[in-house]
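Let me begin by presenting the structure, written as structure tokens, before commenting on it.
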Amino acid sequence: MHYTGTIWRPPYEAKSLLIEVTAGCTHHKCKFCTLYDDLPFKFRMTSLEDIEADLLESQQQIRTWPGTQVKRIYLVGANPFVLNYEHLKNIAERIHHYYPECDSIGCFSRITDISLKSDKELKELSNLGYDGITIGVETGDDNALAFMDKGYTANDIVEQTHRLDLANMSYNFFYLTGISGAGNGVNGAIESAKIFNQTNPKIIGSSMLTIYPESKLFNEIKNGNWAEESELEKLEEIKTLISLLNIPVYFATLGASNAVWIEGNLPTDKKKMMSHLEKVCLPDNESKLRSYRKNLKHL
């Protein structure tokens, strides 16, 4: 199988067959991100020949397990949805050739990747099985988006996800708790809720900002241009976001960056989730939570 560097996928894609179609990130400018620093290049497309070889290799292995069906395939790479319509179509056609039982195809996408497709192309990609796209929107706080060099605005999130809605292509969000910086966490959550409440994600997965020395953000901190939220402020931020969300969505703290686990379906489980967060948002817990953060060697 043609896997390059560390392979990242959302926790909820654990049962999906992973096929690499890109490596690295086309943007590669976010100040907090170090996920693809182990690659000797910024971005690379996998050839259709290698993709087909991986589909064949995986098929030959999986077919030795009687009764096993591949219902979902997740295309890995930082943002495979950046690939143009024809390329994504060719990949889908090969997937359906080797796995006719496959119902859906997912991948990571940047907001800007969606804007590269016409409405017609998005609809046709949906018809080809693309669904459950995961978007690292991070926040709806425009100040944080600009400072972190995300390359889009909060309104772009609303505009482009509405186009996915029209194409009948579902999507999930990743929210980065702590991205607004010290003293701004609650406001960041308020601004994010305003944006998210205008969209229709199936899942909002919250990861928690962890700053590594290799990141551009680390240098911003050293230069006095930005300060990190305390661990308790980050939890207050999550609590604020949950309290203000009024859309039906599954919300969970996903991944090792979260020392506190919270999950539930909103709005049904809102009170239970808020109650749990209130119990852990205690002053005495700051040092314990901070120790967890400092000892987190890798995401």
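With respect to the numbered conditions (1) over 15 Å from the mean Cα position of the chain (by Cα); (2) buried (at least 17 other Cβ atoms within 10 Å of the Cβ); (3) closer than 30 Å to A227 by Cα, which one is the sole condition not fulfilled by D37?
Going through (1) over 15 Å from the mean Cα position of the chain (by Cα); (2) buried (at least 17 other Cβ atoms within 10 Å of the Cβ); (3) closer than 30 Å to A227 by Cα one by one, D37 breaks only (2).
Do we have any residue at all in region 195-209 that's at pLDDT 95 or above, more than 15 Å from the chain's Cα centre (by Cα) and in a helix (DSSP H, G or I)?
Looking through region 195-209, at least one residue is at pLDDT 95 or above, more than 15 Å from the chain's Cα centre (by Cα) and in a helix (DSSP H, G or I).
Can you tell me which of L245, L232, L277 is touching a helix residue (DSSP H, G or I) at 6+ places or on another chain (Cβ under 6 Å) and closer than 30 Å to A167 by Cβ?
L245
Among the candidates G132, G106, G136, which residue alone is at positive phi and in contact (Cβ under 8 Å) with a residue 24 or more places away in the chain?
Going through G132, G106, G136 in turn, the sole match is G132.
Within region 34-58, how many residues are assigned to a helix (DSSP H, G or I) and charged (D, E, K, R)?
5
Quick one: in region 61-112, which of the residues that are touching a strand residue (DSSP E or B) at 6+ places or on another chain (Cβ under 7 Å) and small (G, A, S) is farthest from V21 (Cα to Cα)?
Only one residue tops the list, namely S104.
Counting only residues that are more than 25 Å from H28 (Cα to Cα) and assigned to a loop (DSSP other than H, G, I, E, B), how many does region 217-255 have?
Residues flagged as more than 25 Å from H28 (Cα to Cα) and assigned to a loop (DSSP other than H, G, I, E, B) within region 217-255 amount to 5.
May I ask you to list the residues in region 167-185 that are hydroxyl-bearing (S, T, Y) and either over 21 Å from S115 (Cβ atoms) or crowded, with 24+ Cβ neighbours inside 10 Å (or both)?
Residues satisfying the conditions are Y175, T177, S180.
What number of residues within region 59-104 satisfy the criterion of being in contact with a Ser or Thr (Cβ under 6 Å, 6 or more places away or on another chain) and either in a loop (DSSP other than H, G, I, E, B) or surrounded by fewer than 20 Cβ atoms within 10 Å (Cβ to Cβ) (or both)?
Qualifying residue count, region 59-104: 4.
I'm checking my understanding of the structure. Among residues of region 148-166 that are outside any helix (DSSP H, G or I) and surrounded by 21 or more Cβ atoms within 10 Å (Cβ to Cβ), which one is farthest from the chain's Cα centre (by Cα)?
M148
Give the residues of region 10-31 that are crowded, with 17+ Cβ neighbours inside 10 Å and either assigned to a helix (DSSP H, G or I) or in contact with a Gly (Cβ under 9 Å, 6 or more places away or on another chain) (or both), sorted by residue number.
P10, Y12, E13, S16, E20, V21, T22, A23, G24, C25, H27, C30
Mind checking whether some residue in region 176-186 is closer than 18 Å to Y152 by Cβ, at pLDDT 95 or above and assigned to a loop (DSSP other than H, G, I, E, B)?
The answer is yes; a qualifying residue exists.
Could you grab me the full set of residues in region 190-204 that are under 7 Å from N172 (Cβ atoms) and not hydrophobic (A, V, I, L, M, F, W, C)?
P201, K202
Of the conditions (1) more than 24 Å from L299 (Cβ to Cβ); (2) in contact (Cβ under 8 Å) with a residue 40 or more places away in the chain, Q61 clears all except one; give me its number.
Q61 satisfies every listed condition except (2).
Please tell me if K239 is charged (D, E, K, R), buried (at least 19 other Cβ atoms within 10 Å of the Cβ), closer than 20 Å to G188 by Cα and out of contact with any Lys or Arg (no Cβ under 9 Å at 6 or more places or on another chain).
Yes, satisfied.
Being among the aliphatic types (A, V, I, L, M), touching a residue at least 60 places away in the same chain (Cβ under 8 Å) and either surrounded by fewer than 15 Cβ atoms within 10 Å (Cβ to Cβ) or over 24 Å from V137 (Cβ atoms) (or both) is the requirement here; does I7 meet it?
yes
The values are calculated or read from the model by the stated rules, or taken from the named source; none is laboratory data. As the structure is a computational prediction, the values presented were derived from the model and not from experiment. Positions of Cβ are generated from backbone atoms using ideal geometry, with glycine treated the same way; all protein chains shown enter the neighbour counts.
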